[in-house]
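We did not get these values from a lab; they are worked out from the coordinates using the rules stated. The model shown is predicted, which means the values in this text are computed figures rather than measured ones. Note that each Cβ is placed from the backbone with ideal geometry, even for glycine, and that neighbours are counted across all protein chains shown.
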Amino acid sequence: MVQKRLSVFHFLLAGTICAETVLAEQALARDVPLPAKTVKVANGKGVFKKPVAPRPRSINASGPGEAIQVTGSTASAQGVTGKQPGGGLMRVETRAGTIQSVTRDFISKQPPSANPVQVLSLTPSAFVTLTEPYGIAGGNLTLRGLPGDHVGWIYNGAPVNDVGDGGFYANQTSDGDNLKSVSLTPGSVDIDTPSISAAAGAAYAELIDPSHKRGGFVDFSYGSYDMHREFVRLESGDIGKTGVRAFVSFSNTASDNWRGPGKFTRKHVDFKLIKEFTPESRWTLNASYNTNQLQLDMYPTRDQFAEYGKKLDYSSHFNKNDPTNYYKYGLDAFQNLIASAPLSLKLVDGLRFDDTPYLWWGSGSIGGVSMIEDGQTFSGNQPVDVNVANGTTVYSPLYFSYHRTGNNAKVTWTKGINTLTFGWWYEWSRTNQATPVSYINQNDGGPANIYGDYGPNIYRTAEGKKWYLNDHNTFTQVNMLYLGDKLKLLNDKLELQAGVRLAMVNRKVDSYVPNIVQHRGQNVFEPLPQVSISYTFNPHHQLYVRGSSSFKMPNNNTLFELYNANGSMSTAPSSNVKPEYSINEEIGYRYHDDIFVGDISFFNYNFTNRQMAVLSYFGSAPMVTTMNVGNQTSRGVDVQLATRPIFGHFRPYVSFEYLDATMDSNIRYLGDYLRTRGKRPAQTPHEMGALGVDWDNGHIFLDLNLKYVGSQYATLVNDEKLHSYISDSLTVGYRFSNVWYLHSPQIQLNFQNLAGSLYRNGVYSMSPFAHPTTGMNGTQYTSSSAPTYTLAPPLCVSFSVSTGF
């Protein structure tokens with residue numbers, strides 16, 4: 001079946017290429033979007049005859065720093081201008097620090113289902129892996145050797161990391177058709193960034209603005225593994241003279257699991273409304289609602305991959321005697337709403353007020369199953385009376401529920417050469433994490449309810465209460481005050497900035513099942529200073545130096561334990577886990593002119609109190625426990641170079657990162673210490689490089705992307721390695737002229753993994769060691785769980801048809 005689909009796509013591709021050859025000259029003679037003779041800065045305040053102006057800037061509540069946006073006067077319905085450097089993989093920046101951005105010119109040529117993590121894959125600092133080809137399940141991000149839960153994600157001004165553990169789930173945010181830009185600031189955050197999970201830096205994603213014209217946009221896709229996607233966006237246009245315009249969109253996406261049984265499904269709604277009071281004051285309302293059901297996979301060790309390839313996965317058949325491998329128990333079901341309402345007001349000349357209230361709600365579960373034995377029905381660490389027969393299989397997922405609200409407000413005062421910023425970020429959240437026990441169909445094995453905590457199909461105790469193995473509420477309050485000052489000298493060529501963020505976090509956990517301790521808490525105070533210097537020699541050259549600090553809160557699971565159905569403990573709490581603290585120094589140089597845009601930055605990180613889950617004794621029992629494991633140093637260089645259109649329509653892009661990272665401490669493990677000092681952290685490629693080639697004449701377009709990922713270790717003692725590899729993707733398409741009510745109708749083919757290779761593309765779960773080793777004090781360790789790996793999806797082809805109207 002897959003071969004037949006690919007044959008169809010190969011035929012369509014051949015037809016598209018032939019059509020390109022015949023129509024190319026005709027296309028050039030028709031109404032091709034031509035380079036504009038004038039350009040304007042992103043905030044629309046002025047139009048200049050030169051594409052290079054002295055530091056025009058566009059600052060918004062949800063984006064980092066400053067950027068110069070140079071665009072043509074026309075754009076396709078998909079948002080392509082044909083002018084962004086590197087095909088949208090770079091833009092001209094002025095931030096006094098490293099920033100790596102992708103824009104619509106690149107995003108629109110990726111598979112329409114692409115998510116914010118996926119589109120960062122070619123940037124020098126980001127190591128991105130996917131476990132399914134279309135981005136429905138999100139993606140894994142490692143930034144300069146640190147995991148993705150150390151990156152603070154800001155979506156339309158609102159923090160969207162999991163407030164408990166820092167995780168970010170990209171599939172829960174924007175649709176790819178609505179994603180305006182994503183910017184990455186590795187190593188540092190801006191002073192007003194609302195995050196407690198940003199030890200490695202921050203990322204900022206933003207929705208496109210509603211159109212001034214009434215209309216809409218539709219996009220239909222079909223691809224390998226029975227992927228189909230339907231997307232529609234409706235635009236109100238300017239509503240009279242009210243200054244209000246809005247859009248709302250809906251998408252439905254589904255795909256078969258490429259590795260085994262099961263499907264990925266996602267339904268999503270985006271909404272954005274803008275009220276413009278004056279050209280310098282506006283109010284925006286953003287909302288994204290998402291519901292998805294994802295099929296989880298098993299991840300092989302090196303030896304399992306060599307023996308089974310992709311076939312090591314959940315079973316499509318229910319076995320009453322061994323139900324744990326049944327695919328219907330490997331489900332990730334979640335629904336969530338993210339809303340924010342940024343307000344930006346010019347009060348008087350030199351005085352601005354910015355305020356972003358936000359709301360984050362979500363609930364869902366990750367599947368699980370337990371076998372019940374006579375007399376072994378526990379809630380927490382105490383037995384409970386539940387009427388369930390011996391040998392019964394029960395559904396016991398991990399259930400999550402989030403309620404989170406906050407506000408980030410600041411006042412900015414500019415007087416002459418000085419700009420002062422003062423702000424306050426406040427957030428309150430409640431996170432419920434529970435393990436409800438519910439019925440399954442004993443014949444086909446399906447859970448009565450995938451969420452596990454709804455409806456009548458939940459087991460109850462003799463007292464009539466719901467049966468929970470675990471049930472915890474985490475309450476987190478954040479107060480962060482920030483103060484910054486910016487001074488401009490030498491006719492604005494020299495810019496000096498200094499500031500401090502004062503983070504105060506109060507966290508408490510209440511346990512509603514019997515635990516060792518029912519109530520635990522933690523208070524954290526972190527002063528986070530930062531300073532930067534930027535010198536602009538002329539409109540083409542900029543030199544910057546930055547020093548900053550950031551932190552990551554300990555995971556909330558350090559404050560409670562988890563129990564199995566038989567009352568045994570599965571994970572243990574930790575005591576006195578300190579926040580991870582990072583100090584970053586960087587020096588960089590930027591250049592841009594009518595053709596070239598380049599950036600090189602040298603960086604050095606020092607991390608203290610690195611957090612990691614390792615085996616440790618809890619009493620006399622070995623338990624997985626999150627603890628501080630010492631310090632880490634990371635240093636290296638990032639390089640980016642791109643062009644605006646050359647040789648007619650080419651816009652190439654190259655990036656490179658060299659990263660030298662070492663662990664500075666020996667890590668405690670089961671009463672001894674592993675020999676990890678001087679070793680390389682796991683999941684940290686030594687070097688990465690990327691090449692992007694974009695060719696777009698307004699009708700025919702092609703986008704080729706290659707990423708080289710160097711080798712990386714999968715264990716703490718560096719005794720097992722994942723070898724280097726190159727990933728690839730290709731986009732070809734044709735954009736028709738406007739016809740009837742259709743604006744830029746387009747066909748697009750996306751290819752991923754052109755060679756169809758099956759390989760391990762990332763470390764899913766590292767381990768302390770893969771082979772017998774000796775501790776610092778002579779302990780002989782003969783065995784450990786082997787590291788496991790994610791697998792790169794095979795050759796996948798998707799075909800999309802889209803148009804504005």
May I ask which of LYS310/LYS707; LYS180/LYS213; LYS109/LYS679; LYS180/LYS578; LYS466/LYS508 have a Cα-Cα span longer than 28 Å here?
-> LYS109/LYS679; LYS180/LYS578
Once the Cα atoms of helix 2-29 and of the chain are each reduced to a long axis, what angle between those two axes, in degrees from 0 to 90 to the nearest 10, is obtained?
-> 10 degrees
Where nothing but the Cβ of Lys and Arg (+1) and of Asp and Glu (-1) is charged, how large is the charge dipole of the chain around its Cα centre, in debye to the nearest 20?
-> 1480 debye
Classify the range 105-227: rounded, prolate or oblate, from the alpha-carbon gyration tensor (a ≥ b ≥ c, eigenvalue square roots; a/c under 1.5 rounded; otherwise prolate if a/b is larger than b/c)?
-> oblate
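First check a/c for the range 366-432, with a ≥ b ≥ c the square roots of the eigenvalues of its C-alpha gyration tensor; if it is under 1.5, answer rounded, and if not, answer prolate when a/b is larger than b/c or oblate otherwise. Can you show the working numbers first?
Numbers: a/c = 7.11, a/b = 4.89, b/c = 1.45.
Prolate, because a/c is 1.5 or more and a/b exceeds b/c.
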Each residue of the range 790-802 in order: what ³J(HN,Hα) in whole Hz does its phi give by Karplus 6.51 cos²θ - 1.76 cosθ + 1.60, θ = phi - 60°, with x for Gly and Pro?
-> 8, 10, 6, x, x, 4, 10, 10, 10, 10, 10, 10, 9
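Which entries of LYS346/LYS493; LYS263/LYS320; LYS83/LYS410 show an alpha-carbon separation above 29 angstrom in the structure shown? Please list the in-between numbers first.
Details: LYS346/LYS493 25 Å; LYS263/LYS320 23 Å; LYS83/LYS410 34 Å.
Checking Cα-Cα distances, LYS83/LYS410 exceed 29 Å.
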Based on the Cα atoms of the chain, what semi-axes does the equivalent ellipsoid have, where each is the square root of 5 times one gyration tensor eigenvalue, given in whole Å with the largest first?
-> 42, 32, 27
Once a ≥ b ≥ c are taken as the square roots of the eigenvalues of the Cα gyration tensor of the range 198-277, is the result rounded (a/c under 1.5), prolate (a/b larger than b/c) or oblate (a/b not larger than b/c)?
-> oblate
For the range 762-779, in order, what is each residue's ³J(HN,Hα) by Karplus, 6.51 cos²θ - 1.76 cosθ + 1.60 with θ = phi - 60°, in whole Hz (x at glycine and Pro)?
-> x, 8, 7, 9, 6, 9, x, 7, 9, 10, x, 9, 10, x, 4, 9, x, 5
Taking H placed 1.01 Å from N in the peptide plane, check which residues at least 5 places from ASP165 or on another chain put their amide H under 5 Å from its amide H.
-> ASN556
Mind checking the dipole of the range 191-343: about its Cα centre, +1 per Lys or Arg Cβ, -1 per Asp or Glu Cβ, Debye to the nearest 20?
-> 360 debye
Residues whose placed amide H lies under 5 Å from that of HIS743, excluding near-sequence neighbours | GLY804, PHE805
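In debye to the nearest 20, how big a dipole does the range 468-588 give about its Cα centre with +1 on each Lys and Arg Cβ and -1 on each Asp and Glu Cβ?
Details: 10 positive and 10 negative charges, 32 e Å.
So the magnitude is around 160 debye.
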Listed by chain and number, the residues whose amide H is under 5 Å from that of SER379, excluding neighbours fewer than 5 places away on the same chain and using placed H, are VAL384
Count charges around VAL629 for me, please; just the other residues with Cβ under 14 Å from its Cβ, Lys/Arg as +1, Asp/Glu as -1.
-> +4
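Mind ordering 122-128, 780-786 by average Cβ neighbours within 10 Å, highest first?
122-128, 780-786
Tell me what the chain gives for mean residue ellipticity at 222 nm when only DSSP H runs of n ≥ 4 count, each as -39,500 (n - 2.57), the sum divided by the residue total, rounded to 500 deg cm²/dmol. Each step should come with its number before you reach the end.
Details: 3 runs with 39 residues, N = 805.
Theoretical 222 nm ellipticity from helices: -1500 deg cm²/dmol.
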Between the range 242-308 and the range 459-496, the alpha-carbon center distance in angstrom | 22 Å
For the range 467-482, in residue order, the Karplus 3J(HN,Hα) values (coefficients 6.51, -1.76, 1.60; θ = phi - 60°; whole Hz; Gly and Pro = x) are 8, 10, 6, 9, 7, 9, 10, 10, 10, 10, 10, 10, 10, 10, 9, 9
